Ligand code: MV4
């Protein structure tokens, strides 16, 4: 049994986890940097501990301080949220060694999925379709032979990478040598590991990811997909469930493949299997072993609280649902509200002078922001998420248009105006977009 959870995060996700704990009758401990003393999650938690100065390295990433905060408060479990220590295998191991439950997968599973070559080999062995590519690491001396086998264009990726860092496209043989050497040096600089691998480059895919939850004992379910194709510089901007591109047969087929794979792996916790989707085919790229920012759209269409499930499986209680009990209902869209200029995306920290969140049927706002809150400049600019649900995609879009008109955040710049634009766009209305659509749209807008 888990009786007190330390939330090793900040912002909207700390609040999200806190709410789940409260509903389950579990006591909460907030940790915070000196910059976050006034944060909503700190106010609402049963107890709080200041763990260091503003820089994340010295606070939210400081494992020793977090373990000490567990010891001081008697917390018997840690929820890492997303980012920070959520996919740090060492952290999971250290908590284990202290007899503290890590609300997440085993350190071994985090490690497997953290190395992208190992993740891909594992996925393939578990029956998940993968992007055609090199068997493993590619060395400069065998790059040409491998690229010829795969067929151009090819993409060079860092094995320690993920999230798009250290990727290089080679359109043809002439580009290859430089692409491999740049990818290797960028990977070394960014991750301290120069190992790279190669894949067939997909030109116009969608990014579709499958939500899974496993109990660590061989049972697992899928909760359908999210379409996260609308991104800017590998930052998701707008996500939806279901994907406008899939029908129910395709959803259930790829979902079951992922659930079966998680059963074979004896995966514990929430996870996301990421795919590129092009011409009706799915291609595995990575797996995330954490709760994701966009998890609420899955909650909206399934009615399942993913943080409740995470806590249940971490405590050994198993899943609350069987696959056949999961009903997919309607459509949900999430808009990420960043404290940024909606045209330049330059961060806009500062004091929120007016804050009015929208409401009504099918509306959820996850945010730690409030009137008078001062957004510190040290962290990610995500200040809230707007999640709208409707019985159909059309109803969801109409509701979103209404809700965006109600939302007031003054004193800082936010990305809300961007969503006002998107909601009026014909391609968006048609669900007709791929991973490059948003960047092209923004470039056209700037030129015009
Ligand atoms: C790809 C790809 C095309 N072909 N792999 C970018 C982030 C990382 N998770 C994987 N990424 C990509 N991998 C192959 N074989 C294109 C991307 C990509 C991308 C993927 C998802 C969402 C947005 C993207 C933007 C640019 C490139």
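The values are calculated or read from the model by the stated rules, or taken from the named source; none is laboratory data. All values reported here derive from a predicted model rather than from experimental measurement. Here Cβ is always computed from backbone atoms with ideal geometry, including for glycine, and neighbour counts include all displayed protein chains.
Restricting to segment 205-221, name every residue that is within 16 Å of the ligand (Cβ to nearest atom) and surrounded by fewer than 22 Cβ atoms within 10 Å (Cβ to Cβ). Reasoning before the result, please.
Step one: of segment 205-221, the residues within 16 Å of the ligand (Cβ to nearest atom) are 205-210.
Listed by number, the residues that qualify are 205, 207.
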Which numbered condition residue 384 misses (of (1) more than 16 Å from the ligand (Cβ to nearest atom); (2) in a helix (DSSP H, G or I); (3) touching a strand residue (DSSP E or B) at 6+ places or on another chain (Cβ under 6 Å)): (2)
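Can you say whether residue 307 is closer than 26 Å to residue 364 by Cβ, within 16 Å of the ligand (Cβ to nearest atom) and in contact with a helix residue (DSSP H, G or I) (Cβ under 9 Å, 6 or more places away or on another chain), as far as the supplied structure shows? I'd like the intermediate steps shown before the answer.
Values: closer than 26 Å to residue 364 by Cβ: yes; within 16 Å of the ligand (Cβ to nearest atom): no; in contact with a helix residue (DSSP H, G or I) (Cβ under 9 Å, 6 or more places away or on another chain): yes.
In short, no.
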Of all residues making up segment 36-75, the number that are surrounded by fewer than 19 Cβ atoms within 10 Å (Cβ to Cβ), touching a helix residue (DSSP H, G or I) at 6+ places or on another chain (Cβ under 8 Å) and assigned to a loop (DSSP other than H, G, I, E, B): 2
Could you please find all residues in segment 159-203 being near the ligand (Cβ under 10 Å from one of its atoms), in contact (Cβ under 8 Å) with a residue 40 or more places away in the chain, in a loop (DSSP other than H, G, I, E, B) and under 24 Å from residue 113 (Cβ atoms)? 161, 163, 164, 201, 202
So residue 99 ticks every box in (1) at negative phi; (2) out of contact with any strand residue (DSSP E or B) (no Cβ under 9 Å at 6 or more places or on another chain); (3) modelled with pLDDT of 95 or more but one. Which box is left unticked? (1)
Within segment 131-147, can you find the residues that are surrounded by fewer than 17 Cβ atoms within 10 Å (Cβ to Cβ) and either touching a residue at least 24 places away in the same chain (Cβ under 8 Å) or in contact with a helix residue (DSSP H, G or I) (Cβ under 7 Å, 6 or more places away or on another chain) (or both)? 132, 136, 137, 140, 144
Out of 230, 246, 202, sole residue that is over 30 Å from residue 327 (Cβ atoms), at pLDDT 95 or above, under 23 Å from the mean Cα position of the chain (by Cα) and surrounded by 14 or more Cβ atoms within 10 Å (Cβ to Cβ): 202
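Do we find that residue 433 is in contact (Cβ under 8 Å) with a residue 24 or more places away in the chain, in the same structural domain as residue 361 (by TED's automatic domain parsing) and within 16 Å of the ligand (Cβ to nearest atom) in this structure?
yes
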Being within 15 Å of the ligand (Cβ to nearest atom), closer than 29 Å to residue 267 by Cβ and over 22 Å from the mean Cα position of the chain (by Cα) narrows 131, 154, 138 down to just 138
Qualifying positions in segment 424-438 - in contact with a strand residue (DSSP E or B) (Cβ under 6 Å, 6 or more places away or on another chain) and in a helix (DSSP H, G or I): 438
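Yes or no, residue by residue, for (1) within 25 Å of residue 236 (Cα to Cα); (2) at pLDDT 95 or above; (3) buried (at least 17 other Cβ atoms within 10 Å of the Cβ):
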{"site": "299", "(1), (2), (3)": "yes, yes, yes"}
{"site": "312", "(1), (2), (3)": "no, yes, yes"}
{"site": "321", "(1), (2), (3)": "no, yes, no"}
{"site": "327", "(1), (2), (3)": "no, yes, no"}
{"site": "332", "(1), (2), (3)": "yes, yes, yes"}
{"site": "337", "(1), (2), (3)": "yes, yes, yes"}
{"site": "345", "(1), (2), (3)": "yes, yes, yes"}
{"site": "362", "(1), (2), (3)": "yes, yes, yes"}
{"site": "365", "(1), (2), (3)": "yes, yes, yes"}
Looking at residue 224 and the list (1) assigned by TED's automatic domain parsing to the domain that holds residue 439; (2) more than 16 Å from the ligand (Cβ to nearest atom); (3) not in a strand (DSSP E or B), which single condition is not satisfied? (3)
Determine whether segment 415-423 contains at least one residue that is part of a loop (DSSP other than H, G, I, E, B), in contact with a strand residue (DSSP E or B) (Cβ under 8 Å, 6 or more places away or on another chain) and either under 23 Å from residue 206 (Cβ atoms) or away from the ligand (no atom under 16 Å from the Cβ) (or both). yes
